[in-house]
Amino acid sequence: MHQHRVGLVWFENDLRIDDHPLLCRAAAQCQQLILLYCVNPKWFKPNRYGLRSMGPARQQFLEQSLHQLDTQLATYGQRLIVSDQPPLETVARIIAQYGIDAIYRSENSGFYERQYLSIVRQRYPFLHYAETETQTLFDAQQLTNALAPFPASFSKFRKLAEPITIPSCCARPSQLPPPPKQFPPSYCHYPKPVAEPQPSQFHGGCAAGIDHVKGYFNSTQAQHYKQTRNALDEFVHSTKFSPWLALGCVSPRQVMSLLNQHEQTFGANDSTYWIYFELLWREYFQHYARHYDALLFSAEGINKQRPRTSFYAARFKKWCQGNTPYPIVNACMKQLNATGYMSNRGRQLVASCFVHELQLDWRYGAAYFEQQLIDYDVAANWGNWQYLAGVGADPRGQRWFDLTKQTAIYDPQHKFIKKWQGDVFDNELDNVDIVDWPIDTQP
Ligand SMILES: Cc1cc2nc3c(=O)[nH]c(=O)nc-3n(C[C@H](O)[C@H](O)[C@H](O)COP(=O)(O)OP(=O)(O)OC[C@H]3O[C@@H](n4cnc5c(N)ncnc54)[C@H](O)[C@@H]3O)c2cc1C
């Protein structure tokens, strides 16, 4: 017996059908189902930093992911519908037009993303709402003790979380209820394949994502992960799971399940453990973002201490373009601009340079990453930037990287710098001199 007549599954960063407990729940509870994704027009307009929230690399990856999800849903006689209108407008129209009586949405770590659902809840209190964790390793109730009080550092969180058993993945639904009649509505469309994809090493979508993770664990790369993960270049040196994890094309539990299988076949070692360790970092930042809400975006960070940085437009522009006096930083930024990806080590170096060498307000750096990264994740990005800027969860309070030393360790032959032309830059950092500023002649 179905509990609900028409359910709405509001997809966000959970673009898959495997290991999706919420989709299974909606399938079991509803007579008819609408599957919706909202491409928010706000993502393409200048934000408070004068940047777009979504740049072309991630947009392409997202479009590919939507298309792949739609293809999978079609095998169930269902389709994904996509709206390019503001999410609140779209959801309101769908509720009114189709008589929705239940809304299903995965827990989201983003403060602003969570607000959308809060507003819908306030406007339509009589609907049934189901929110489930689909993007984390642990279920919320498993972490009650680990998160109260909220652990001030990753190490504290890790010690509490590590002994907890990760729930197994859930099977995909055996069937899905059909959409209502007269579908889709005129203001929505089905995802189209990307017309002329830009060449990229990352192809969006759940099928591509799971193939990549399986391919990684069927090889011996994971056996050497700890030794290679800090490399600045080369696809195989770290897992490259992040874009698929960020959009939920693959779940962290699916990754863990394949990691366990890998350990059974190839053996467990420090490197295989370290992949789990990094997934725990990801987990920590998801809860960090939910705990600190809008403080994630505040200059003072969670400690409410204003950093001694400012905003210099010319310096910011040069950093974005990879045109600073620091070749290693330039190479990383040019790699990011060309591919949408940068290694973890690279991200640490360019963020340290941004805050300590260029003395810029860290939020502009985070906003530029948000625009450029193919694996942008609100919690991981803003949480890591706060950490690097000394206003986050770093018990040391300060992370400064000596760029000369780091170059000697990670790019001793300058191969990476040469590849990305990091050694091509203007000689002066500040070409706007104090005398160039307009001066008031009147007292
Ligand atoms: C300033 C800064 C900004 C960042 N912004 C993002 C972001 O927007 N999205 C994002 O996914 N990661 C972000 N990271 C974390 C990390 O750099 C990337 O997850 C990693 O480089 C992705 O490559 P990979 O999948 O090969 O990682 P691997 O080294 O193979 O790690 C495996 C997985 O663990 C997780 N992970 C690893 N390191 C971290 C970390 N420090 N914090 C959180 N999760 C981690 C990722 O999901 C990653 O896919 C940022 C780091 C810094 C320093």
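The values are calculated or read from the model by the stated rules, or taken from the named source; none is laboratory data. Source: prediction; values computed, not measured. Every residue, glycine among them, receives a Cβ derived from its backbone with ideal geometry; neighbour counts consider all protein chains shown. For the accessible areas, the whole protein counts, side chains as well, though only heavy atoms, and no ligand, DNA or RNA atoms are used. Shrake-Rupley method; radii C 1.70, N 1.55, O 1.52, S 1.80 Å.
Could you tell me which of the residues Q59, Q72 is more than 16 Å from V9 (Cβ to Cβ) and either polar (S, T, N, Q) or in contact (Cβ under 8 Å) with a residue 60 or more places away in the chain (or both)?
On the way: Q72 fails: more than 16 Å from V9 (Cβ to Cβ).
Being more than 16 Å from V9 (Cβ to Cβ) and either polar (S, T, N, Q) or in contact (Cβ under 8 Å) with a residue 60 or more places away in the chain (or both) holds for just one of Q59, Q72, which is Q59.
Quick check on A140: is it of a type in the set (A, V, I, L, M), in contact with a helix residue (DSSP H, G or I) (Cβ under 9 Å, 6 or more places away or on another chain) and under 22 Å from Q29 (Cβ atoms)?
yes
Keeping to the range 367-382, report how many residues are open to solvent by 20 Å² or more (accessible area, probe 1.4 Å) and part of a loop (DSSP other than H, G, I, E, B).
Here the count works out to 2.
Being of a type in the set (S, T, N, Q) and either at pLDDT below 95 or open to solvent by 30 Å² or more (accessible area, probe 1.4 Å) (or both) is the requirement here; does T309 meet it? I'd like the intermediate steps shown before the answer.
On the way: of a type in the set (S, T, N, Q): yes; either at pLDDT below 95 or open to solvent by 30 Å² or more (accessible area, probe 1.4 Å) (or both): yes.
So T309 passes the test.
Does L245 fit the bill of being part of a helix (DSSP H, G or I), outside the structural domain of Q59 (by TED's automatic domain parsing), in contact (Cβ under 8 Å) with a residue 24 or more places away in the chain and within 12 Å of the ligand (Cβ to nearest atom)?
yes
Quick check on my filter: what residues within the range 14-41 are open to solvent by 20 Å² or more (accessible area, probe 1.4 Å), touching a helix residue (DSSP H, G or I) at 6+ places or on another chain (Cβ under 9 Å) and more than 18 Å from T136 (Cα to Cα)?
Q32, V39
Quick test for you: out of S186, S200, pick the one residue that is part of a loop (DSSP other than H, G, I, E, B), out of contact with any His (no Cβ under 8 Å at 6 or more places or on another chain) and away from the ligand (no atom under 15 Å from the Cβ).
S186
What single numbered condition from (1) open to solvent by less than 50 Å² (accessible area, probe 1.4 Å); (2) within 14 Å of the ligand (Cβ to nearest atom); (3) touching a helix residue (DSSP H, G or I) at 6+ places or on another chain (Cβ under 7 Å) fails to hold for T324?
(2)
Looking at the range 395-410 only, could you name the residues that are closer than 15 Å to N344 by Cβ and either outside any helix (DSSP H, G or I) or among the aromatic types (F, W, Y) (or both)?
Let us first name the residues in the range 395-410 that are closer than 15 Å to N344 by Cβ, namely 399, 401, 406, 409-410.
Passing the criteria: R399, F401, Y410.
What are the residue pairs meeting all of these: first residue in the range 328-352, first residue farther than 13 Å from L232 by Cα, second residue near the ligand (Cβ under 8 Å from one of its atoms), Cβ atoms under 7 Å, and 6 or more apart or on different chains?
As it stands, the answer is G340/L373; A351/G365; A351/W385; A351/L388; S352/L388, since those pairs meet every condition given.
Among (1) within 12 Å of the ligand (Cβ to nearest atom); (2) among the hydroxyl-bearing types (S, T, Y); (3) in contact (Cβ under 8 Å) with a residue 12 or more places away in the chain, which single condition is T220 missing?
Against the list (1) within 12 Å of the ligand (Cβ to nearest atom); (2) among the hydroxyl-bearing types (S, T, Y); (3) in contact (Cβ under 8 Å) with a residue 12 or more places away in the chain, T220 comes up short only on (1).
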